[in-house]
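Here's the structure, in structure tokens; my notes come after.
The values are calculated or read from the model by the stated rules, or taken from the named source; none is laboratory data. None of these values were measured; they are calculated from a predicted model. Heads up, the Cβs are rebuilt from the backbone with ideal geometry, glycines too, and the neighbour counts pull from every protein chain shown. Keep in mind that these areas ignore ligands, DNA and RNA; they rest on the heavy atoms of the full protein, side chains included. Shrake-Rupley method; radii C 1.70, N 1.55, O 1.52, S 1.80 Å.
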Amino acid sequence: AQSVTQPDIHITVSEGASLELRCNYSYGATPYLFWYVQSPGQGLQLLLKYFSGDTLVQGIKGFEAEFKRSQSSFNLRKPSVHWSDAAEYFCAVGKGAAGNKLTFGGGTRVLVKP
Amino acid sequence: DVKVTQSSRYLVKRTGEKVFLECVQDMDHENMFWYRQDPGLGLRLIYFSYDVKMKEKGDIPEGYSVSREKKERFSLILESASTNQTSMYLCASTDLIRPTYEQYFGPGTRLTVT
């Protein structure tokens, strides 16, 4: 069965500093990989996705993620964090038709210090 | 602008009550999903539907059922609510015919069972 691990439950970062969120997955085939963000009181919004090709993918809001098959990882990064990036971030792996059935990690809550 | 709406943001029900959570999407999507979100566990798939009157169990279907009589509407039913079903419930939809692989989420319903 597929699984997703986000080792960091909380991360606190200063505004303007860089951010990296870790994600490790377990899946037998080539995975569909996603990062979603949930701002307070909101539903989830897709930041970026990876299916194949270039292992460095760019997303919205200045985020990028790198797929490393050898490490079964798909870490999310942002070079300079803004206060509006305070949210909860979820990594997910998809299977089934068009990767539709998602398995989510437990989430990482990001706090941004002024 | 794509839209997934859920009938209630907050709901309080008593143990043993029958509970209906409604979700409507206006994007003509084939696939619809129900998740529950719990701290530290991320989102877990309860049920999904890939067409009208079609449904498939997700990872945690016990204690829940679903109904999809119209393409735009997907209902989650708790036949006899229990306190361990206190949670945040999120509905999502995605396009299967013209796949973007993005699931669009509603704002969620926070259900408390007392």
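Among the residues examined, residue B:110 does not qualify as of a type in the set (Lys, Arg), in a strand (DSSP E or B) and over 20 Å from residue B:14 (Cβ atoms).
Here residue A:28 fulfils each of the conditions (1) more than 9 Å from chain B (Cβ to nearest Cβ); (2) at pLDDT 90 or above apart from (2).
Scan the range B:78-87 for residues that are under 25 Å from residue A:45 (Cα atoms) and in contact with a Phe, Trp or Tyr (Cβ under 9 Å, 6 or more places away or on another chain) and the total you get is 1. Of all residues in the range B:42-59, those that are away from every other protein chain (no Cβ under 11 Å) and loosely packed, with under 13 Cβ neighbours inside 10 Å have Cβ atoms under 9 Å from Cβ atoms of residues that are charged (D, E, K, R) and part of a strand (DSSP E or B), 6 or more apart or on another chain, in B:51/B:68; B:53/B:68; B:53/B:69; B:54/B:68. How about the range B:24-37: which of its residues are in a strand (DSSP E or B), open to solvent by less than 20 Å² (accessible area, probe 1.4 Å) and either more than 9 Å from residue B:90 (Cα to Cα) or at the interface with chain A (Cβ under 9 Å from one of its Cβ atoms) (or both)? Within the range B:24-37, B:25, B:31, B:32, B:33, B:35 meet the criteria. Taken as a whole, the condition of being open to solvent by 10 Å² or more (accessible area, probe 1.4 Å), modelled with pLDDT of 95 or more and in contact with a strand residue (DSSP E or B) (Cβ under 6 Å, 6 or more places away or on another chain) applies to residue A:57. Note on the range A:49-114: enclosed strands (runs of 3 or more DSSP E) holding 3 or more residues that are within 14 Å of another protein chain (Cβ to nearest Cβ) and under 18 Å from residue A:3 (Cα atoms) are A:87-95, A:101-104. With respect to the stated conditions, residue B:19 fails to be without any contact (Cβ under 8 Å) to a residue 40 or more places away in the chain and not aromatic (Phe, Trp, Tyr). So for the range A:37-51 (the condition being farther than 25 Å from residue B:89 by Cβ and modelled with pLDDT under 90), does at least one residue qualify? Among the residues of the range A:37-51, at least one is farther than 25 Å from residue B:89 by Cβ and modelled with pLDDT under 90, which makes the answer yes. Are there any pairs with C-beta distances below 6 angstrom linking a residue in the range A:63-91 that is touching a residue at least 12 places away in the same chain (Cβ under 8 Å) and farther than 10 Å from residue A:35 by Cα to a residue that is small (Gly, Ala, Ser) and open to solvent by less than 40 Å² (accessible area, probe 1.4 Å), with the two at least 6 apart or on different chains, and if so which? As it stands, the answer is A:81/A:17; A:87/A:39; A:88/A:107, since those pairs meet every condition given. Look at the range A:3-23: where a residue is open to solvent by 70 Å² or more (accessible area, probe 1.4 Å) and a partner is among the β-branched types (Val, Ile, Thr) and in a strand (DSSP E or B), sitting 6+ places away or on another chain with Cβ atoms under 6 Å, you get A:15/A:112.
Of everything in the range B:82-96, what is in a strand (DSSP E or B) and either within 19 Å of residue B:8 (Cα to Cα) or of a type in the set (A, V, I, L, M) (or both)? Give them in sequence order. Full working, then the answer.
Kept after step one, since they are in a strand (DSSP E or B), are these residues of the range B:82-96: B:87-94.
Once the filter is applied, which keeps residues that are in a strand (DSSP E or B) and either within 19 Å of residue B:8 (Cα to Cα) or of a type in the set (A, V, I, L, M) (or both), the range B:82-96 yields B:87, B:88, B:89, B:90, B:91, B:92, B:93.
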